[in-house]
Amino acid sequence: MSARSRDLRQTMAVADHPRPPGQLARVLTELALGGVTVAAVFGLIRIFEDASFLPALVATAIIAHVVAAVVRRDGRPVMIAVGALGLLLVLLLTWLKWPESSWYGLPTLATWQAAADELSRAWSVFRDASAPAPVDAGFVLIGVLTVALVAVTADTAAFRAGAAVEAAIPAASIFLFGAALGAGQHRLVTTAVFLIAVMAYWLAQRGLAQSVTPGQMATDPMGAGTSLARRGAGIIGLGVVAALVVGPILPGADARAVIPWRASDRPGSDTRVTVSPLVDIRTRLVDQGDTEVFSVAASDPSYWRLTSLDQFDGRIWSSNRRYEAADDALSGPAPGRSVVIEQDVEIAALSSVWLPAAYRPVQIDGIDAGYDADSGSLIASGAEPVPEGTRYELRSVQPTITQDILSEAAATAPASIATTYTALPEGFSTAIQTLAGEIVAGATTQYEKARRLQDWFQSGQFTYDLTVMSGHSANDLERFLFETKTGYCEQFAGAYAALARSAGLPARVAVGFTPGELGDDDRYHVFGYNAHAWPEVYFDQIGWVAFEPTPGRGAPRANSYTGLSPQQATAPELSTSTTSQSSPTTVGGGETATTLPDFGSDLSATGAATSTEPRSWTGRFRAAAVVLVAAAALWPLGLLGLRGALRRRKRARAVDASRRVVVAWDDAVAAIDLVGLHSHPWETPAELARRAARAPGVEARVINGLAGMVTYARYAPEVVDDTTAEQAEDAARTIADGVRATFDRSQRIRSWYDPRPLWPTPRTRIDIREQVGTPSDD
């Protein structure tokens, strides 16, 4: 492109699209509105145990506001913003969360099913959960969708509908949701951040209004804006300080609310609803596998139990428990034929409200805790995640259990146990219940039934594999039992417990960790890959007994009744699928030595070595990069094909010469759009032609003649002849060729990727006065 053409184009851009008044003020207002959404997202930290949800939701807020602003500034309808944002989020979620289910980076039916399962599980958890709750993937997915909708709605209200004040309401809804359901933690800081964000946005809106006022534009807008910002910042600071410092010390500030609108204000707020820790297991196993979560100095190894889950709704296991203050002596079985396990626990990166302990704890020292006798689990005081470095001492008592003892147990249970722990949801799968009956057919004792269920999973037909996607619907359970037979401890424990209940056995799911690795410091170091879930079955006069359906796992001191040697995951197993037990390797020393398996050469059911490595975040980003590069290469070809298809479709619909002229005009307008001279719905063809005639590559004679032809073709009562249509098509080609001839290399490349020629051309206004003139006043 010549220097003269470039200068002319820049001059035209300024003349045809003068910089709107208050451009800087508008940008600042857009940033401030985005800040309101981000501040509302930050307020949700009161709902969850940690802030791991923030990156996804903050990124969504930023992306959504940017997309909404770009589409709005380009003069496109808000539904274009909704569609573009929806497509972008679908692709990002597919690449980052469910890449295994995608087809060359595109979502498949399996992807949609996985998303539906996450949403279904999140709804089930939401009905029972109380803050602070674990960061469930379904909650994050709902948050992403909600934040995206809030951002687009706020942008529409603020800059399309002119509802400056009301634009903060969508974000305020998110903040109030967190305030109503959240715990008392971070109350002041989240409130302060949101108040500052809202006031800053309103101040920016005030500055924008002043900057576009005609009287103000004639004076010094920058000076006025600076003065307004200075005064406004002072008012904001004073208001926030008054609200957060003076407010809490006013008389009656600590009194119970007249209307208990917060969850923490309602009766029974000391009840801890146990959101299933199963939702954290895969994250610990895969993403946090090498992270040490705690260590234990113990007289004997054990499964370090967090809690147990007794409620099954057909999708997930959860529990609703009331934790009483733990005194020095917890209720528990008296030492008889039992093993006493002394423990010294030090928390590292656990991030859990539950305290790991060998089942069943009878004494705890060094920490304030709550205790639930039914589940035998301990919870940190205040239901807050246990800080790193916390240390406490425990004493647990485990009865000595043998096959003979369990075989002699009565096939009855207290009514309260039988009612709660054999319950199945209404409409539960008859196929699964039938399967349970087939597995235990002929068994005469409770123990024989429990053992048959365990051995069925351990028979070699099931595979332990971390790469499978978690699922929690009835269909997922059936698919695991009858089709894939592949999963990790979450699926094995939940499926066993469901089958056990179907067979009439009181059962529940326990969640915790396997013993960990015994170090030179005589402490068991427990890592993320030691996260585990296992079923427990109730036996009369004995209590809850752990069984182990997961291949490659075995609890210490359980060999006498499970037939499984003590074994657990080791770091190399994170990349291994397990179908059979391996020869154990002894670690430790003395009488407390335990055996761990050597998973270095696990064999599949066929006897061949297998290695299925779960995809890491690095691998996911690498795959996403490959998809992006491929999309960048294929995008121009796709646009070219779509343009050709649309052009052929338009011409096929042009059944007469007049419609052919209209199609030719639309092609010319699309070419003109490429140089930044966007057509407006209120313009006549003649008005647009006058503007476009100054564009490089556009001949005034050609564009004006085409404008006259399209006006005549649309307005005249008779159809134009074919000669006129051919002239219009020649003119359109001349205009398009002339525009593209002025492009330099960068502009030509941008034109390959520009989708705007595919968008509908705004219908220009037809004003016959441009063609026939106006009546004279004479």
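Each reported figure results from applying straightforward, stated rules to the coordinates on display, with no laboratory input. What you see is a predicted model; the values in this text were computed from it and never measured. Cβ atoms come from the backbone with ideal geometry, glycine included; neighbour counts cover every protein chain shown.
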Next on the checklist: Restricting to Cα pairs below 8 Å that are 6+ residues apart, what does the relative contact order work out to for segment 344-493? Please round to a whole percent.
Outcome noted: 19 percent
Checklist outcome for this item: For segment 426-438, Karplus-derived ³J(HN,Hα) couplings (6.51, -1.76, 1.60; θ = phi - 60°; whole Hz; x for glycine and proline) come out as 4, x, 4, 3, 5, 5, 5, 5, 5, 4, 4, x, 5
Checklist outcome for this item: Residues meeting the amide H criterion for L677 (H placed from the backbone, H to H distance under 5 Å, 5 or more places apart or on another chain) are none
Checklist entry - Counting only residues 5 or more places away or on other chains, whose amide H sits under 5 Å from the amide H of G697 once H atoms are built in the peptide plane? => result none
Checklist outcome for this item: Protection proxy (average C-beta count within 10 Å per residue), highest first, orders 733-739, 479-485, 292-298, 712-718 as 292-298, 733-739, 479-485, 712-718
Checklist entry - What ranking do 353-362, 692-701 get when scored by the average of other Cβ atoms within 10 Å per residue, highest first? => result 353-362, 692-701
Next on the checklist: Highest mean first, how do 505-517, 449-461 rank when packing is the count of other Cβ atoms within 10 Å averaged over residues?
Outcome noted: 505-517, 449-461
Checklist outcome for this item: Expected vector for segment 53-64, Karplus 3J(HN,Hα) from phi with 6.51, -1.76, 1.60 and θ = phi - 60°, integer Hz, x for Gly and Pro, equals 7, 4, x, 5, 6, 5, 4, 5, 4, 5, 4, 5
Item to check | Residues whose placed amide H lies under 5 Å from that of A510, excluding near-sequence neighbours | outcome: L309, W534, E536
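Can you give the FRET efficiency to the nearest 0.05 for R745 and D721, using r as the Cβ-Cβ distance and R₀ = 51 Å?
Here the calculated transfer efficiency is 0.75.
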Checklist entry - Could you give the nm distance between label points at L92 and I169, where each point is 7 Å from its Cα heading toward the beta carbon? => result 2.7 nm
